[in-house]
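Read through the structure below, which is laid out as C-alpha cells, and then see the notes.
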Amino acid sequence: MAIEITSESLAGAQPEPTADYKESPLVAVSDFPGSSQRFSRSRFRLTNSTWTRRNFSSRARELSGGDAIILSIPKSGRTWLRAFLCAYFCRRFGLEFTLRPGRYALPGLPRIVFSHDLFEHRTKGDRWDRVRGKYLVPRRELKRAKIILLARDPRDCFVSLYLQLTRRDPNALVKLKQKTVSEMLRNEKFGMAAIINAMNDWLNELSQRHNFTLVRYEALRASPAEHFRDLLAVLGESQPDGTIFQDALEFSRFENMQKLEAAGAFDSKILHPGDVRDPESFKVRRGKIGGYREYLSAEDQQFAADAMTELDRRFGYTG
C-alpha cells in the first residue's frame with residue numbers, strides 16, 4: 001500500500017528544487033528521529049508548551065471518544081475527505097447520508113473526530129476560551145486514538161481561508177473582512193506565519209507516536225482512489241466493499257459536492273454557501289493545487305515563499 005513508507009525514508013528527505021510541492025503518497029510518519037529532524041529554528045514558530053494541551057470546557061466531550069482524530073488547518077480539504085468517509089460508512093451501514101454518522105453509535109461504525117485544534121485555539125474565541133482550552137483535543141485522546149494529520153500547501157490554505165473569512169463567514173470580524181489579501185497574508189493570527197506555526201507544532205508534538213499518519217491533500221487529489229483506500233485501511237477497513245467505495249468516490253467529487261451544496265442538500269451548515277451567486281463563497285470552492293498564484297501578487301508570492309522556508313521539511317513542500 002502507498003501508506004507503508006517508512007519514517008526513516010522521510011527523516012532526512014530534502015525537498016525537490018523544481019517542484020511547487022513534493023508529490024508523495026499517504027505517509028506513516030511515526031518513529032521519526034529525535035530533535036535533529038524537527039527544524040524548530042523557525043523565527044515564526046511559537047512555543048507549544050505542553051501545559052496548554054488541556055481542555056477544561058464542556059466541549060472536551062465532543063472532541064473525545066473517537067476511534068480516529070483528523071487534525072488540519074482550515075481549508076486543507078477536510079470537507080472533501082469527510083464527505084468521502086461519511087458517504088462510504090453511511091452506505092456501508094445502511095444509513096442515509098449524513099455528515100454526522102457517529103451520532104448513531106452503531107457497532108463497528110468508527111467515530112471520527114475532526115478538529116482544527118491548535119489553529120482554532122490560537123485564532124477563535126476569547127481569552128477565557130483559550131484558558132479553558134476549548135478548541136484543543138485533550139492530551140489523553142491524542143495518546144489513545146489514531147491521529148491523522150491532513151496537510152496542504154500553506155499558500156493554498158491561506159488563500160482559501162482568506163476567501164472564507166471575507167466572503168463566506170458571517171461571524172468574521174468586520175476588520176478582518178476589510179483586509180486586503182496582502183494584509184491578511186502578514187496577519188499574526190490568520191497569515192502564513194500562523195498556518196506554518198500550527199503545522200510545525202503538530203508534527204513536532206505527534207510525529208513520533210505509533211498511532212500517527214500524515215496525509216497530504218495533493219496526494220489525495222492526484223490519486224484519490226488509491227489514497228482513500230489506504231485511508232480506510234488506517235481506519236480499520238482494510239478490504240472495502242468495491243461498489244460502495246466507487247459510489248463514495250463519485251459522491252465526493254468536487255463537482256458533485258458543489259451541486260449538492262448549491263441545492264442545500266446537506267444536513268449541516270458546514271456545507272452551505274455564503275451566497276449561491278458567488279462561487280468564491282462556497283465551502284467546496286475549487287480545491288486547485290497552486291491556485292494561490294491567481295490571488296497573490298508577485299511580491300506577496302515572494303513573501304509566502306520566504307515563509308515556506310520555515311515549514312518543517314518533512315511535510316515535503318518547497319518554496
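Key figures
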| read-out | value |
| --- | --- |
| Virtual spin-label span in nm between Val131 and Arg144, 7 Å along Cα→Cβ | 2.7 |
| For the stretch 86-212: accessible area per residue (Å², 1.4 Å) | 43 |
| Calculated from backbone phi, Karplus (6.51, -1.76, 1.60) coupling profile of the stretch 174-180 in Hz, x at Gly/Pro | 4, 5, 6, 4, 8, 6, 6 |
| Amide H contacts under 5 Å for Tyr317, placed H, 5+ residues apart | Lys22 |
| Inverse of mean 1/r across different Cα pairs in the stretch 124-218, Kirkwood, Å | 15.2 |
| Proximal lysine pairs, the stretch 62-210, alpha carbons under 16 Å, eight or more residues apart or interchain | 9 |
| Rounded to the nearest 10 Å², the accessible area of His210 at probe 1.4 Å | 150 |
| The stretch 72-109 and the stretch 135-164: distance between their alpha carbon centers, rounded to Å | 17 |
| HN-Hα J in Hz across the stretch 241-251 - Karplus 6.51, -1.76, 1.60, θ = phi - 60°, x for Gly and Pro | 5, x, 5, 5, 4, 5, 4, 5, 4, 5, 4 |
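The values are calculated or read from the model by the stated rules, or taken from the named source; none is laboratory data. Everything quoted here is computed from the prediction, not taken from an experiment. So basically every Cβ, Gly included, is an ideal-geometry build from the backbone, and we count neighbours across all protein chains shown. When the accessible area is computed, the model is the full protein with side chains, heavy atoms only, and any ligands, DNA or RNA have been set aside. Shrake-Rupley method; radii C 1.70, N 1.55, O 1.52, S 1.80 Å.
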